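To keep things clear, I will list the structure first and then write my remarks on it.
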Amino acid sequence: MKKGNPFGTHRVIEPKGVLPQPALKIDNTMEIYDNEILIDVKTLNVDSASFTQIKDQAEGDLENIKEIMKGIAAERGKHQNPVTGSGGMLTGTVKEIGP
């Protein structure tokens, strides 16, 4: 198993040298490092500002909302709205724990 940085910076792709939360892009591969947990996400609670912006951009169309949200995660490795800079909170269960 790979050894991770205690602050999670091993996951940061862009820009280098920042923590994962403010990073523009992170590595979200499912292989965990020794200091990580893998979560089976049940729900992503997107903050109101982000959801409102996405809903407006999608003109309220549910399929467009889904595609925009999937696109954000695919591009950034996480849900962090590039317009608002905000994300959300998740709920789920722990699937795997690094040793």
Only unsatisfied item for T84, checking (1) in contact (Cβ under 8 Å) with a residue 40 or more places away in the chain; (2) of a type in the set (S, T, Y); (3) part of a loop (DSSP other than H, G, I, E, B), is (1)
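Filter the stretch 27-59 down to residues that are without any contact (Cβ under 8 Å) to a residue 60 or more places away in the chain and touching a strand residue (DSSP E or B) at 6+ places or on another chain (Cβ under 6 Å), then give me how many there are. First the steps, then the outcome.
The first filter runs over the stretch 27-59 and keeps only residues without any contact (Cβ under 8 Å) to a residue 60 or more places away in the chain, leaving 27-31, 38-59.
Cutting the leftovers down to touching a strand residue (DSSP E or B) at 6+ places or on another chain (Cβ under 6 Å) gives us 27, 38-47.
The total comes to 11.
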I'd like to check something: does the stretch 88-96 contain any residue that is in a strand (DSSP E or B), within 20 Å of Q21 (Cβ to Cβ), touching a Leu at 6+ places or on another chain (Cβ under 7 Å) and in contact (Cβ under 8 Å) with a residue 24 or more places away in the chain? yes
Report the residue count in the stretch 12-26 for those that are surrounded by 12 or more Cβ atoms within 10 Å (Cβ to Cβ) and without any contact (Cβ under 8 Å) to a residue 60 or more places away in the chain. 8
I'd like the full set of residues that are of a type in the set (S, T, N, Q) and either in contact with a Pro (Cβ under 9 Å, 6 or more places away or on another chain) or outside any strand (DSSP E or B) (or both), limited to the stretch 9-46. T9, Q21, N28, T29, N35
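Rule-based calculations on the coordinates, nothing more; no lab input. Fair warning: this is a prediction, and the values are worked out from it, not measured in the lab. Note that we place each Cβ from the backbone using ideal geometry, even for glycine, and neighbour counts take in every protein chain shown.
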